[in-house]
Amino acid sequence: MTTPKLVKLPSMRERVEHTLSAHRNELVSLLSRYVAQGKGILQPHILIDELDNIIGDDSARKTLSDGPFSEVLRTAQEAIVLPPFVAIAIRPRPGVWEFVRVNVYELSVEELTVSEYLRFKEELVDGQKDDPFALELDFEPFNATFPRPTRSSSIGNGVQFLNRHLSSVMFRNKESLEPLLDFLRVHRYKGHVLMLNDRIQRISSLESALTKAEDYVSKLPPETQYSEFEYVLQGMGFERGWGGTAARVLEMMHLLSDILQAPDPSTLETFLGQVPMVFNVVILSVHGYFGQANVLGLPDTGGQIVYILDQVRALENEMIQRIKRQGLNITPRVLIVTRLIPDSAGTSCNQRLERISGCEHSHILRVPFKTEHGILRKWISRFDVWPYLEKFAEDAANEIAAELQGVPDLIIGNYSDGNLVASLLSHKMGVTECTIAHALEKTKYPDSDIYWKKYEEKYHFSCQFTADLLAMNHSDFIITSTYQEIAGTKNTVGQYESHAAFTLPGLYRVVHGVDVFDTKFNIVSPGADDTIYFTYSDEAKRLTSFHASLEKLIYDPQQNDEHIGVLEDPSKPIIFSMARLDRVKNISGLVESYGKNAKLRELANLVVVAGYNDVKKSSDREEISEIEKMHAIIKEHNLHGQIRWIAAQTNRARNGELYRYIADKRGIFVQPALYEAFGLTVVEAMTCGLPTFATCHGGPLEIIEDGISGFHIDPYHPDKASALMADFFQKCNEDPSYWVTISQAGLQRIQERYTWKIYSERLMTLAGVYGFWKYVSKLERREARRYLEMFYILKFRDLVKSVPLAVDGST
Ligand code: UDP
Ligand code: LCN
């Protein structure tokens, strides 16, 4: 038998070199086409398109697309052209990058380091500067000793990998078990010792105490309450926290015995996930409007609010159950900490404390933005909040301490501003930190890093990207809704991945910003509240009392600031969309593509719920320009008679019924965003049984399996998208069961993956495992924290000074 030889795959530089020597003419012809475009950045589709444009030369095309260079072209993410150079950023697989540069005049190829590539890219903006002292940010050395997977498919399963690592270390020798012992000994709740007391000082005594205790407890009837044998266990060194009944205590003790004898990853995860350590949780969502009623659809106030309120309900429930199961009599608390807005536009955002409905122990705690001029009264855009956050964090820390009478056990940040405050608080309090991005703005705005100055006045991305880097490196674990949020797809770059290396010319250059293979990443997807979103066919649960008002909302001919446009033929099915009226949501793009497709207009009406229809009602610059655009498109395509534009709808229960009402009429839901980080409306619509057409850019790509549980559309090819919808309606006219097939497949997809129950169980387990990991790795982590502290003080604090403070009374 012959042993297969390991063949080393050629590097990208070798591929280019090989092509240059074997097919010089063809490659030069292609590269010259790139260079001919002049200085700039070329996107992947342009790189490929140019191959098709090598005029009249089929064989050249074939040579290049079949040879080793094809891999370079297929995986190129961008090319920087600065004649005579073309530098290409190549991504052979998610999370792995290489950089090559070709001198097209001299026909030489070199491999670039990430720093060299970025420096070259900066020349697009700064010309040749050669400043050897540009600030370079590099987080790699701090994480070099931490374990990480190498396969792209393992990205986002951080906790599994971490458990494997931890258990293999523990397996090595008895001393490695010491941190676990110490960890179990530090647990306390308000001064009361939990799990282990001082009688157990060493692993050997833990082992013998466990044997004795297991022996004793196993002889008790399984349902015996902990209080009945509490004192006996206390004498052996055990305190409350092992379980409420003998059966549960025994189960936990078996798990620990197994770990002490032969640790394995899943036992470790189960055990750490059950150790009671999370009683008080603080969740930060700063910018507002954060409220339970009348806020959705307001600028900047969308899915994040829905997500957090649902999350808190699920989390409180899970905490109560776990605490009870562990035999503790402790009341958990969850505080959502947000901004208090005195001029609260008819919402409850001016109240300090608000109980969360559907919860017993969870509240919204609001803390105002303060400066030396006093409290800021008005709402401000999420892009302008940066100068307020440090003081906000300080004030919030005091308020939280007063509310909880102590520090929380877990801090969860949301979005860039909440994540920064979470980092500041967790840094100060030494508490486990989890961050959730919801949407990293950098990916939404192409080239917003290299051309950051262009965006600065409007968006202050220099602050936001800096805050994002700080938070993603400071947090103990990161939850994402999808894989693509971390590492994209085979062809597209992930949101976090786009922070691995980038440059803000003149500010700093990031050579290792975040590593998508880091075990801190975990995919835990949200769901949709099942009391509000359920299938249209669940007749018993339907809220038919809303039907009359929904009918009015859609068909009432009156034109006012709640709805404009009429649907002349009410018998047609409805194409429905609902989103904030942001540019990126691209509602205007949907209206335009509908307007241009006569067949689609013939087959279906269009109903959109978005923002306001009157510029006077909006204070948000982006929304105002979208409102103007919508009116112009409606006029240009003469859409009156086929479109209904409804202003933002804040009644969630009625919105749930609205999706189902549209399903009754065999309509569809469309999510046309240019980029959607996750897309809760997609999950909501599918949960209600509406066939859904959603953008292929971002989360919906993963939520929907194209052609099976819905459809992907590309907002950059709007004609194709509208043709796909028209085909769908046509097909449904010919065979009405087609609509049902897609609807049911969508429902099945949701049930398998997107539920809050799965989410909250996972979150609690992650809090346990990462709490332990934080404890064992505290020394190493300190180095990174000090580096981050310096970056915060020297860069972030300076940058926020460039953001103007808002003035109450002005718009
Ligand atoms: N939403 C709403 N009324 C509106 C617009 C949106 O209730 O007028 C809700 C929608 O049902 C969803 C959330 O706001 O629950 C939007 O979340 P998504 O993730 O789709 O987008 P985001 O606004 O967070 O970017
Ligand atoms: C923010 C977004 O932009 C959406 O894509 C998400 O669904 C939402 O947050 C909740 O995570």
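The values are calculated or read from the model by the stated rules, or taken from the named source; none is laboratory data. It should be emphasised that the depicted structure is a prediction, and the values quoted were computed from it without experimental measurement. Here Cβ is always computed from backbone atoms with ideal geometry, including for glycine, and neighbour counts include all displayed protein chains.
Tally time: how many residues in the stretch 53-69 are surrounded by fewer than 17 Cβ atoms within 10 Å (Cβ to Cβ) and touching a helix residue (DSSP H, G or I) at 6+ places or on another chain (Cβ under 7 Å)?
2
Here is a check on your reading of the model: is residue 658 within 16 Å of ligand 2 (Cβ to nearest atom) and either not in a helix (DSSP H, G or I) or not hydroxyl-bearing (Ser, Thr, Tyr) (or both)?
In short, no.
Given the criterion in contact with an Asp or Glu (Cβ under 8 Å, 6 or more places away or on another chain), away from ligand 1 (no atom under 16 Å from the Cβ) and not in a loop (DSSP other than H, G, I, E, B), identify the matching residue among 250, 255.
250
Of all residues in the stretch 550-592 being closer than 24 Å to residue 715 by Cβ and of a type in the set (D, E, K, R), which is surrounded by the fewest Cβ atoms within 10 Å (Cβ to Cβ)?
583
Looking at (1) closer than 30 Å to residue 529 by Cβ; (2) within 26 Å of the chain's Cα centre (by Cα), find the lone condition where residue 787 falls short.
Checking residue 787 against (1) closer than 30 Å to residue 529 by Cβ; (2) within 26 Å of the chain's Cα centre (by Cα), the one that fails is (1).
Among the residues of the stretch 349-388, how many are closer than 20 Å to residue 281 by Cα and modelled with pLDDT of 95 or more?
15
Which ones in the stretch 663-699 are within 13 Å of ligand 2 (Cβ to nearest atom) and of a type in the set (Val, Ile, Thr)?
If the condition is that a residue be within 13 Å of ligand 2 (Cβ to nearest atom) and of a type in the set (Val, Ile, Thr), then 681, 682, 683, 695 are the ones that fit.
Answer yes or no as to whether residue 529 is within 16 Å of ligand 2 (Cβ to nearest atom), among the charged types (D, E, K, R), touching a residue at least 60 places away in the same chain (Cβ under 8 Å) and in a loop (DSSP other than H, G, I, E, B).
It is true that residue 529 is within 16 Å of ligand 2 (Cβ to nearest atom), among the charged types (D, E, K, R), touching a residue at least 60 places away in the same chain (Cβ under 8 Å) and in a loop (DSSP other than H, G, I, E, B).
Identify all residues within the stretch 478-509 that are among the charged types (D, E, K, R) and not in a loop (DSSP other than H, G, I, E, B); write none if there are none.
485, 497, 509, listed by residue number.
Residue-wise test of (1) closer than 23 Å to residue 230 by Cβ; (2) within 14 Å of ligand 2 (Cβ to nearest atom); (3) outside the structural domain of residue 229 (by the TED database).
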position	(1), (2), (3)
250	yes, no, no
258	no, no, no
265	no, no, no
268	no, no, no
292	no, no, yes
297	no, yes, yes
300	no, yes, yes
310	no, yes, yes
319	yes, no, yes
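Give the residues of the stretch 719-737 that are closer than 14 Å to residue 573 by Cβ and touching a Phe, Trp or Tyr at 6+ places or on another chain (Cβ under 8 Å), sorted by residue number.
Once the filter is applied, which keeps residues that are closer than 14 Å to residue 573 by Cβ and touching a Phe, Trp or Tyr at 6+ places or on another chain (Cβ under 8 Å), the stretch 719-737 yields 725, 728, 731, 732.
Which residues, taken from the stretch 658-711, are small (Gly, Ala, Ser) and more than 11 Å from ligand 1 (Cβ to nearest atom)?
Scanning the stretch 658-711 gives 663, 667, 689, 707, 709, 710.
Quick check on my filter: what residues within the stretch 787-806 are free of Cβ contacts under 8 Å to residues at least 24 places away in the same chain and under 19 Å from residue 140 (Cβ atoms)?
Answer for the stretch 787-806, where residues must be free of Cβ contacts under 8 Å to residues at least 24 places away in the same chain and under 19 Å from residue 140 (Cβ atoms): just 790.
So in the stretch 582-603, with the set limited to residues that are in contact with a Gly (Cβ under 9 Å, 6 or more places away or on another chain) and of a type outside the set (Lys, Arg), which one is nearest to ligand 1 (Cβ to nearest atom)?
582
For the stretch 593-626, how many residues are among the hydrophobic types (A, V, I, L, M, F, W, C), farther than 14 Å from residue 578 by Cα and surrounded by 22 or more Cβ atoms within 10 Å (Cβ to Cβ)?
Count: 2.
Being outside the structural domain of residue 268 (by the TED database), part of a helix (DSSP H, G or I) and surrounded by fewer than 17 Cβ atoms within 10 Å (Cβ to Cβ) narrows it down to one of 141, 147, so name that one.
141
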